[in-house]
Amino acid sequence: MPLPTTPTNDFLLGLPKAELHLHVEGTLEPDLKLRLARRNGVDIGQQSVEDVQATYQFTDLASFLAVYYPAMQVLVTEQDFYDLADAYLAKAATQGVKRAEIFFDPQAHTTRGISFATVISGYSRAAYEAAERHGIDAELIMCFLRDHTPESAHATLEEALPHKHRILGVGLDSDERGNPPALFAKTFATARENGLKLTMHCDIDQHNSIEHIRQVIEDIAVDRIDHGTNIVEDPALVKMVRDQSLGLTCCPLSNSFVSDDMKANEIINLLREGVKVTLNSDDPAYFGGYIGDNYQAFAQASGATTAEMVQIARNSFDVSWVSAERRADYHAMIDSYVQEFSA
Ligand code: HPA
Ligand code: ZN
């Protein structure tokens, strides 16, 4: 029996996939936040899940970040960082994730007096155990906060280099307005010299978006772009991204919170033009869904066919930072999943 042309929700949930745009701090669910606050004696001024959810009022990137960073004060010990990452990985496993390249924001913790070693130890212990505990190969991508100084980013990289065997790559996140990629060129060049992969956020509908995307491609020479769907405004950028097979890590549910919609039309059109788009969850505890939920919401909004959704899952492994051998294993996983579902 052939697969239906329109994908079912069950099919999309179980489809083997890689998650490439996931901020681990954005997986802090209200119940875990309350539990960690109690465990560490931190007064967050909220007593119930409803209290926490009532603070989730955002209409753009800046208003989201204003809620997002203060929540992190409940993360204090190595065990807290482990518990946060492990809870995400357990959830991701139920939504078909086989490979996760996970962002973390060390400066959001070191600037409040938590040591870099505490942060990286907890996260990397969870990532290391993920294969056995959850059937996921997990790696870490360290992001710099672009609304802090380039000097702070560079100092963070230097602090991280003794731990570089625990880090796959570096990224750039937080508030993009007035904080162009080129400011961080030196730090990203040093990361590259140290064998790290490079990615940067080009958030949705930002001021100077097209110039920022040009900088990440031409000046920084990133290996991937986070979000980046504003390339639709410039055919020359679409061509560059396609010709270089640069992955775009799109996040439909996140887009619907920080901009006017999911950008499903832009994403499906880019897919149909041969751009390696992928779907991811960004900050699932805040944006109402994990990666499988994003696949489902996107399929519904865009009218993508089953074959196109399978292509998106394939893209996620194509642009993930794995060996060619491992990539072939993941493609085989997709093939057998599709075959089983057709039987
Ligand atoms: N953009 C910028 N910074 C972020 C994001 C994002 O999507 N999520 C968490 N920090
Ligand atoms: Zn993001």
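The values are calculated or read from the model by the stated rules, or taken from the named source; none is laboratory data. Small disclaimer: the values here were computed from a predicted structure and weren't measured. Cβ: placed from backbone, ideal geometry, glycine included. Neighbour counts: every protein chain shown. Surface accessibility is based on the protein's heavy atoms, side chains included, excluding ligands, DNA and RNA. Shrake-Rupley method; radii C 1.70, N 1.55, O 1.52, S 1.80 Å.
Largest GNM mean-square fluctuation among 23, 148, 212, using the chain with Cα springs under 10 Å: 148. For the stretch 44-195, the direction-averaged projected area of the alpha-carbon convex hull comes to 10.0 nm². Solvent-accessible surface of the stretch 9-342, averaged per residue with a 1.4 angstrom probe and all protein chains in place: 37 square angstrom. Each residue, residue 161 and residue 69, gets one label point 7 Å from its Cα in the Cβ direction; the gap between the two is 2.7 nm. Across the options 77, 257, 231, the greatest Cα extent toward the positive end of the charge dipole of the chain (unit charges at beta carbon of Lys, Arg, Asp, Glu) belongs to 77.
DSSP loop (so not H, G, I, E, B), at most 16 other Cβ within 10 Å: list which GluC sites (Glu not before Pro) in the stretch 1-107 pass both filters. Numbers along the way, then the final one.
Details: sites: 19, 25, 50, 78, 101; in loops: none.
Filter output for the stretch 1-107: empty list.
Which percent of the accessible area of the stretch 9-342 is formed by carbon and sulfur heavy atoms (probe 1.4 angstrom)? Using a 1.4 Å probe with all protein chains present, the stretch 9-342 comes out at 48 percent carbon and sulfur.
Compared with the direct C-alpha span, the chain from residue 77 to residue 117 gains 13.4 nm at full extension, assuming 0.36 nm per residue.
In whole percents, the pair-distance distribution calculated for the stretch 1-131 from its alpha-carbon pairs, binned every 5 Å from zero, is 2, 9, 18, 20, 18, 15, 9, 4, 3, 2, 1, 0. Within the stretch 41-121, the trypsin sites (Lys or Arg not before Pro) that combine a DSSP coil assignment with at most 13 other C-beta atoms in a 10 angstrom radius are 112.
Taking 0.36 nm per intervening residue step and subtracting the Cα-Cα distance, what contour gain separates residue 265 from residue 339 on full extension?
On the way: separation 74, 0.36 × 74 = 26.64 nm, distance 2.88 nm.
Full-extension gain reported as 23.8 nm.
Ordered from highest to lowest accessible area with the whole protein assembly present and a 1.4 Å probe, 276, 239, 186 read as 186, 239, 276. Comparing 306, 94, 55 in a Gaussian network model of the chain (Cα springs below 10 Å), the most mobile by mean-square fluctuation is 55. Amide H contacts under 5 Å for residue 277: 248, restricted to partners 5 or more places along the chain or on a different chain, H placed in the peptide plane at 1.01 Å from N.
Pull out a ≥ b ≥ c, the square roots of the eigenvalues of the alpha-carbon gyration tensor of the stretch 289-343, then state rounded if a/c is under 1.5, prolate if not and a/b is larger than b/c, and oblate in the remaining case. Taking the square roots of the gyration eigenvalues as a ≥ b ≥ c, the stretch 289-343 is oblate.
Provide the gained length on full extension for the span residue 240 to residue 151, in nm with one decimal, where the gain is 0.36 nm per separating residue minus the Cα-Cα distance. List each step's numbers first, then the result.
Details: separation 89, 0.36 × 89 = 32.04 nm, distance 3.05 nm.
Between residue 240 and residue 151, full extension yields 29.0 nm more.
The alpha carbon radius of gyration of the chain, expressed as a multiple of 2.2 N^0.38 Å, is 0.94.
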